[in-house]
Amino acid sequence: MKRLLRNSLLTLWAATTLTFILIRQMPGDIVYQWALQLQAMQGIDFQQAEAQVKVMLNYQPGQTIWTQYFSYLGGLLQGNLGTSLVYQIPVWKVIALALPWTLIIAFGAVSLSFVVGTSLGLLAAWKRQTRLPDLLRLYATVSQAIPDFLVGLLLVALFGIKIPIFPMRGAYSTFVEPGLNPAFLADVAYH
């Protein structure tokens, strides 16, 4: 257990350090680019937009790289994940908005796989004198070899584009009133 915890912490540290290094090595000036976007969106002068971006990013170019690194690690330990470059809000808010939908999808997928897997296992045990168990074993072997993201892309392409049964994006339709009502729950299940 101690070894597992040590390896997990080491992996987490390595990932955060690599992220810090990669962000610092990216070409271009993110402050300049983001300040231009902020200037265009809010109609403010460039210096004011640049100052706002530096505050949002906690950007302090005068510090040494080590000071920036330890400030970055300290911020992560305190739950400061930074500001989203896409949505321009704190990252924890982006995660908080997406987490409920992610948990719904994960719970649905685990429940469905449990029901299908248990049913197929019972069927294979019941029909063990036929070729069905061999076919199910072959299916299990092949399906384990295919990456999950590829299966997901193929399912989206099939049921979202080729046979458009399901919508390709969104958690629910815009015309449905969100709430715990049957119409909304049915629309969420459809999406």
Going residue by residue through segment 142-156, the Karplus relation 6.51 cos²θ - 1.76 cosθ + 1.60 with θ = phi - 60° gives ³J(HN,Hα) values, rounded to whole Hz and with x marking Gly or Pro, of 5, 5, 6, 7, 8, x, 4, 5, 5, 4, x, 4, 5, 5, 5
Net lengthening on full extension, THR16/PHE107 (0.36 nm per residue, minus Cα-Cα): 29.9 nm
Using alpha carbons only, how many degrees (0 to 90, rounded to 10) separate the axis of helix 65-77 from the longest principal axis of the chain? 50 degrees
Got the relative contact order for the chain handy, in percent, Cα pairs under 8 Å and 6 or more residues apart? 8 percent
What angle do you read, to the nearest 10 degrees and between 0 and 90, between the alpha-carbon axis of helix 46-57 and the longest principal axis of the chain? 50 degrees
Which log10 I(q)/I(0) values, to two decimals, does segment 1-62 give at q = 0.21, 0.22, 0.27 Å⁻¹ under the Debye formula with one point per Cα? -0.83, -0.87, -1.06
Relative packing of 22-30, 9-17, which averages over residues the other C-beta atoms within 10 Å, highest first: 9-17, 22-30
Going by average Cβ neighbours within 10 Å, how do the peptides 185-191, 102-108 rank, with the highest at the top? 185-191, 102-108
Estimated D of segment 93-190 in µm² per second, where Rh is the Kirkwood radius over Cα pairs and Stokes-Einstein applies at 4 °C, 1.567 mPa s: 79 µm²/s
How far apart, in nanometres, would the label points at ALA125 and LYS93 be if each is projected 7 angstrom from Cα along the Cα-to-Cβ direction? 5.2 nm
Normalised alpha carbon radius of gyration of the chain [divisor 2.2 N^0.38 Å]: 1.50
Which lysines does LYS93 reach when only Cα atoms under 27 Å apart count, and residues fewer than 8 places away in its own chain are ignored? LYS54
Full-extension gain in nm, SER71 to LEU155, via 0.36 nm per residue minus C-alpha separation: 25.9 nm
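Each reported figure results from applying straightforward, stated rules to the coordinates on display, with no laboratory input. Treat the numbers as computed from the prediction; the structure is a model and nothing was measured. So basically every Cβ, Gly included, is an ideal-geometry build from the backbone, and we count neighbours across all protein chains shown.
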